[in-house]
Amino acid sequence: MGRVSRLTGRHGDAALVALLVPGTQPNRILRAAIAAAAAWSTLTTASALLRSYPLAVDLQIPMQATERWIHGGAPYLASSFQVTVGAGQPFLYPPFVLPVLAPFAMLPQVPVTLGWALACVAAAAWACRRLGIPWWAWPFAFAWPPFAEALLGLNVQVLLFAAFVALFFDAPAGPARPRDHELTADGSPRPALVDGLLGVFVAILKTSQVHPWVYLLRRRRRAAILGVVAAAVFVLATLPFTGLAIWVDWLEQVRRAAQPGLGVGGISLQHLVPLPVGLALSAATVLLVLAVPRRHAGAWIGLLTLVGSPDLHVFGLLFAVPAMLTVRREIGLAAAFAIGLFTTQGSWAGVALVAGALLLAARYPALLEPGAMPSDVRSGTGSGHQPPRPRRRGRSR
């Protein structure tokens, strides 16, 4: 009783404090209860997705666009914005994707689909392993809507998320404890070109997800520049196949997609406000990348990517996972429950919960999971939970 009272003051409610102190029996019960709720929302939604979600749809969309391009048709169709379900939805990837996919479009599609599915599952498993998610929890992670939607649709977002995790995180410090990677010229053990390619890979396929590259430009400029140069060389190499006119068609398609109210925007905040406000919001999140703290930068930038994306879908919420693992487990699990409901309101409630905890953690470090706290806090020399002192028996002197 004395141990917990010292954490909150003489008149604190010991039972409530015990509930919130990691490692205590009441806290373990609390976490188990929230985890059970998150598992319920996850498995309920996963069951519905298995019955209704169009399998491999996010592979079929670019493949059909590539087939049209091979036969002289237009890959970017204005009429596709009238389609909300299935492979007829808009193709939005940049034109350099077309020459890359062309050889695969001419092959039998069953082995191509199986091969891409294997790549997506492998990327998801690698990302979970790098973030310290235990292997026994992977089935629940894969059933969670952001993973489930991406894996069922075979969306490239899974590979982008794996690249994001590789850029910002080292091998984990322990179970579900991501460890930040030091993105500096002196601190990073990786070659600058590798970091540059990881950063630009996310931005070049999803132009609204430029935030990781901008942070790389701030912290390791040489790597960012090398990545852009490599991307530019690649794009230039595809120009003889695509020509320049198709890039104009792509820009027009992107302009159409940016119009508020279109289903292609998914759950993006930008589609809930007028276009100028949405553009300003996206620009603001990019500028905020320049101000995020070095510690937990990956968690912060993942959240900024979500807020700034004009075409966010549920699978895009994968970028919230590092932040969910950084904050207190109760908060992360509550966010997983809300996102597992598979609603726009629930998704943004989960993101807001995690973002609020991460923001307040600068003042209240106890909002971070103990393994994610700075070392001085964990050792008791900083603010946060203080280590228990031995309790003397008998009268004090």
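Stokes-Einstein diffusion coefficient for the stretch 138-215 at 10 °C in a medium of 1.306 mPa s, Rh from the Kirkwood formula over Cα pairs: what value in µm²/s?
115
Nearest 500 deg cm²/dmol is fine: what mean residue ellipticity at 222 nm does the chain get from its DSSP H runs of n ≥ 4 alone, each adding -39,500 (n - 2.57), divided by its residue count? Mind dumping the intermediate values first?
Details: 19 runs with 237 residues, N = 397.
Theoretical 222 nm ellipticity from helices: -18500 deg cm²/dmol.
Going by alpha carbons, how many degrees (0 to 90, nearest 10) lie between the helix axis of 344-360 and the longest principal axis of the chain?
50
Starting at 0 and stepping by 5 Å, how many percent of the alpha carbon pairs of the stretch 290-332 end up in each bin?
Whole-percent P(r) values from 0 Å outward: 5, 23, 28, 23, 15, 6.
Could you give log10 I(q)/I(0) at q = 0.23 Å⁻¹ for the stretch 175-266, computed by the Debye formula over C-alpha point scatterers of equal weight, without solvent?
Cα-only, vacuum Debye calculation for the stretch 175-266: -1.10.
Using only Cα atoms and rounding to the nearest 10 degrees, what angle (0 to 90) does helix 297-308 make with the longest principal axis of the chain?
The angle comes out at about 50 degrees.
Along the charge dipole of the stretch 152-304, pointing to its positive end and built from +1/-1 on Cβ of Lys, Arg, Asp and Glu, which listed residue (Asn155, Val210, Pro240) has its Cα farthest out?
Selected residue: Val210.
Tell me the Rg and the Dmax, in Å, that the Cα atoms of the chain produce.
23.1, 92
Out of the total accessible area of the stretch 125-241 (probe 1.4 Å, heavy atoms of protein only), what percent is carbon and sulfur?
Answer for the stretch 125-241: carbon and sulfur cover 69 percent of the accessible area.
To the nearest whole percent, what portion of all C-alpha pairs in the stretch 189-330 is separated by more than 21 angstrom?
Roughly 51 percent, rounded to a whole number.
Semi-axes of the stretch 267-367's equivalent ellipsoid from the Cα gyration tensor, sqrt of 5 times each eigenvalue, largest first, rounded to whole Å?
21, 18, 10
To the nearest 10 degrees, how steep is helix 245-257 against the longest Cα principal axis of the chain, on a 0 to 90 scale?
The answer is roughly 50 degrees.
Per the Debye formula with a single identical scatterer at each Cα and no solvent contribution, what log10 I(q)/I(0) holds for the stretch 40-99 at q = 0.23, 0.29, 0.30 Å⁻¹?
-0.89, -1.19, -1.24
Apply 1/(1 + (r/R0)^6) to the Cβ-Cβ distance of Ala37 and Glu182, taking R0 = 45 Å, and write down the FRET efficiency to the nearest 0.05.
Working: r = 36 Å, r/R0 = 0.81.
Plugging the Cβ-Cβ distance into 1/(1 + (r/R0)^6) gives 0.80.
Once the principal axes of the Cα atoms of the stretch 86-148 are found, what is the range along each, listed largest first in whole angstroms?
Largest to smallest, the principal-axis extents are 39, 24, 22 Å.
Report, in debye and to the nearest 20, how large the dipole of the stretch 201-335 comes out about its Cα centre when Lys and Arg carry +1 and Asp and Glu carry -1 on their Cβ.
700
Measuring with a 1.4 Å probe in the full set of protein chains, what accessible area per residue, in whole Å², belongs to the chain?
I get 49 Å² per residue for this part.
Remind me, relative contact order of the stretch 68-191 in percent, using alpha carbon pairs under 8 angstrom and six or more residues apart?
19
The values are calculated or read from the model by the stated rules, or taken from the named source; none is laboratory data. This structure is a prediction, so every number in the text was calculated from the model and none was measured. When we count neighbours, we look across all protein chains shown, and the Cβ atoms used for this are built from the backbone with ideal geometry, even at glycine. Side chains included, ligands, DNA and RNA excluded: accessible areas come from the protein's heavy atoms. Shrake-Rupley method; radii C 1.70, N 1.55, O 1.52, S 1.80 Å.
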